[in-house]
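*Asks:* Take this structure first; my questions come after.
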Amino acid sequence: MSFRGLSLLRAPVLLSRAVRAPIALLYSSGSVSTRRAASGSATTPPVSNQTISRAAFTEYITARRLLDASHAAPLLETAAAHGHTDALHILALDMFKVESRESLFRGYQLLKASADLGHALSLYLLGCSHLEGRYNIPVDYELGYSMIQAAADRNLPQAMYHVAVKLLAESAQPPDEARALSMLRKASKIRSDALERIRCVLGLHLLRKWYTTPEEERTMLEMDALNEALPLLHALKHGGGPTAFVAAAWLEHIEEDLLALDD
């Protein structure tokens, strides 16, 4: 199924009064100097797409907070039309909710435009969509994983988790394991909706290093792994999330093992 030929936005969106006002202030006589042309008329610098998109998106956020939907929608369209990646991403998600063929096509174009501009969450969502065929987007595993990797390179925790789990599942090579653990450690310090899963995978993998090493062969590396895993499991236990029971069971098991070792 081809997505070609669909325009990003069907028609240019005019700036609303709420957007024109802050932009006009940027080029008022008190903030930006003007020069006289040979004819004697004043000239003003052109307004950049970035300036317009930022102003429109800021006003969109304000309108959303005020529950002013009639102003919020055109402001979001304006920000997207001038390349604001968050606006493009939000519009794409709105299009996907409709689930008509035309809306899915437009959602794909908006999401791809945001991803092409480097928006990490758009890269991740588009990558997952290529892996799973969501929103009628063609399945392409190579492209999908490359987009998720690009999102991970931009420090998106969900993408870092995805790449790390794939590395741990498919490779037992030390360089891949070290890379995966590095990503999980970094992602575990960033607040996200994937934080609990990240801490769980990291904690259990570190425990695995302890339990898969015979007692007589354990060194400071295995002890360090155990000491790193324990706080992660305690945080999960007291967090009350879906992994709390798993973490509590493992902590009880570890305490029994450590007591046995002391004996």
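The values are calculated or read from the model by the stated rules, or taken from the named source; none is laboratory data. Because the structure is predicted, anything quoted here is derived from the model rather than measured. Glycine gets a Cβ as well: all are built from the backbone with ideal geometry, and neighbour counts include every protein chain shown.
*Asks:* With respect to G133, determine if the residue is on the phi > 0 side of the Ramachandran plot and free of Cβ contacts under 8 Å to residues at least 40 places away in the same chain. Even if it seems obvious, please write down each step before you answer.
*Replies:* Working: on the phi > 0 side of the Ramachandran plot: yes; free of Cβ contacts under 8 Å to residues at least 40 places away in the same chain: yes.
Against the criterion (on the phi > 0 side of the Ramachandran plot and free of Cβ contacts under 8 Å to residues at least 40 places away in the same chain), G133 qualifies.
*Asks:* Still on this structure, please answer the following. Mind listing whichever residues of region 142-157 are part of a helix (DSSP H, G or I), surrounded by fewer than 22 Cβ atoms within 10 Å (Cβ to Cβ) and not hydroxyl-bearing (S, T, Y)?
*Replies:* Taking region 142-157 as the starting set, the residues that turn out to be part of a helix (DSSP H, G or I) are 142-153, 157.
Adding the requirement that they be surrounded by fewer than 22 Cβ atoms within 10 Å (Cβ to Cβ) leaves 142-146, 149-150, 153.
Once the filter is applied, which keeps residues that are part of a helix (DSSP H, G or I), surrounded by fewer than 22 Cβ atoms within 10 Å (Cβ to Cβ) and not hydroxyl-bearing (S, T, Y), region 142-157 yields E142, L143, G144, Q149, A150, D153.
*Asks:* Limited to region 190-236, what total is found for residues that are within 18 Å of R179 (Cβ to Cβ), surrounded by fewer than 18 Cβ atoms within 10 Å (Cβ to Cβ) and basic (K, R)?
*Replies:* So the answer is 1.
*Asks:* Going through A81, A69 one at a time, which residue ends up being at pLDDT 85 or above, in the same structural domain as K112 (by TED's automatic domain parsing) and loosely packed, with under 10 Cβ neighbours inside 10 Å? Break it down into steps so the answer makes sense when it comes.
*Replies:* Working: A81 fails: loosely packed, with under 10 Cβ neighbours inside 10 Å.
None of the other options fit; the residue is A69.
*Asks:* Quick one: what pairs do we get from region 184-196, first residue touching a residue at least 40 places away in the same chain (Cβ under 8 Å), second charged (D, E, K, R), C-beta under 9 Å, 6+ apart or different chains?
*Replies:* S188/R199
*Asks:* Which of the residues belonging to region 42-93 are among the β-branched types (V, I, T) and closer than 21 Å to L121 by Cα?
*Replies:* Narrowing region 42-93 to residues among the β-branched types (V, I, T): 43-44, 47, 51-52, 58, 61-62, 78, 85, 90.
Residues satisfying the conditions are T58, I61, T78, T85, I90.
*Asks:* With respect to A21, determine if the residue is of a type outside the set (D, E) and modelled with pLDDT under 50. Give the derivation first.
*Replies:* Numbers: of a type outside the set (D, E): yes; modelled with pLDDT under 50: yes.
So A21 fits the description; yes.
*Asks:* Could you please find all residues in region 76-101 being in contact (Cβ under 8 Å) with a residue 40 or more places away in the chain and either of a type in the set (D, E, K, R) or touching a Lys or Arg at 6+ places or on another chain (Cβ under 6 Å) (or both)?
*Replies:* Going residue by residue through region 76-101, those that are in contact (Cβ under 8 Å) with a residue 40 or more places away in the chain are 77-78, 80-81.
The answer is E77, and nothing else.
*Asks:* While we're on this one: Can you go through Y135, Y108 and tell me which one is crowded, with 21+ Cβ neighbours inside 10 Å and in a helix (DSSP H, G or I)?
*Replies:* On the way: Y135 fails: crowded, with 21+ Cβ neighbours inside 10 Å.
Going through Y135, Y108 in turn, just one is crowded, with 21+ Cβ neighbours inside 10 Å and in a helix (DSSP H, G or I): Y108.
*Asks:* For region 204-215, does any single residue satisfy the condition of being basic (K, R) and closer than 29 Å to A248 by Cβ? Give the steps one after another, and end with the answer.
*Replies:* Keep residues of region 204-215 that are basic (K, R), which gives 208-209.
Within this subset, residues satisfying the condition of being closer than 29 Å to A248 by Cβ are 208-209.
For region 204-215, residues basic (K, R) and closer than 29 Å to A248 by Cβ: present.
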